[in-house]
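*Asks:* This is the structure, below, for whatever I ask next.
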Amino acid sequence: MVRVIESGRWVLMGLYLILVVVLVWAWQEPAWRQHMEPRALAELGRQLLALPLGPVMVLLGYVVMVLMAVPVAGLITVGALVFGPWPGMAYALAGMVAGSVVTYGIGRYSGAALVDRWSSKGKVHALAAALKRRGLWAVVAIRAFPVAPFIMVNMTAGAFRVRFRDYVLGTVLGLAPGTIVISLFMDRLTAALAEPGPITYGLLAAVLGVFLAMLWWLRRLMHRSSPPASPSTSAQA
């Protein structure tokens, strides 16, 4: 039975690698690459939303992009450019959470030992220790200030069995501020490029200022929520 489970885990990881290779190959082929350009994606997005299950298909698309290890900023930017700032941020946040749940499940099924093999010198263990030690606030902090690739955090949290409730809630709370600000920033940047002027540039600067203020506030919040060091820990240091 153990051998069957272990074999299934390797098959799952192999299928994931095949998917990544196929998508990278498609991006390099001119015949397929034209379908991945921004204008083509925007048109595809409008067509998808017009379908009865359009929103579900959009979320599935985000899950695929998470599996491709697309950076969070790229996921948010795609949503803002394709669907506009407010619908885009909603789809981006929901899609990233859905993708994080799927990759959490992959990590949980694959197991800690197998996930750790994909990281040099066991670096996954340090991330897992932080996630399990501080739970919800650790997830919020890592989402707001990413110290590791999005997909690595997801799979590590699943492999080392971080509490699912803390994982999902922390993902939403940690990703929401950046999703809102980046979406609004992209909207104002597009407007500034289309109609340059003092007002559009001022709004762009205001959004950037809000983003920096939110980062400062989140950093202070994470610092205040950190548990104080125990005497034994201080002595060892």
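Here, each number is a calculation from the coordinates, and none is a lab measurement. It should be emphasised that the depicted structure is a prediction, and the values quoted were computed from it without experimental measurement. Backbone-built Cβ (ideal geometry, glycine too); neighbour counts: all protein chains shown.
*Asks:* Note down the nm distance, to one decimal, between modelled labels 7 Å out along Cα→Cβ at Ala40 and at Ala98.
*Replies:* In this crude spin-label approximation the distance works out to 2.2 nm.
*Asks:* Separation between the Leu49 and Phe164 pseudo-spin-labels, each 7 Å from Cα along Cα→Cβ, expressed in nm?
*Replies:* 3.1 nm
*Asks:* Which net charge results when you count Lys and Arg as +1 and Asp and Glu as -1 among the other residues whose beta-carbon is under 11 Å from that of Asn154? Kindly include the intermediate steps, with their values, before the conclusion.
*Replies:* Details: positive: Arg108, Arg143; negative: none.
So the surrounding residues net to +2.
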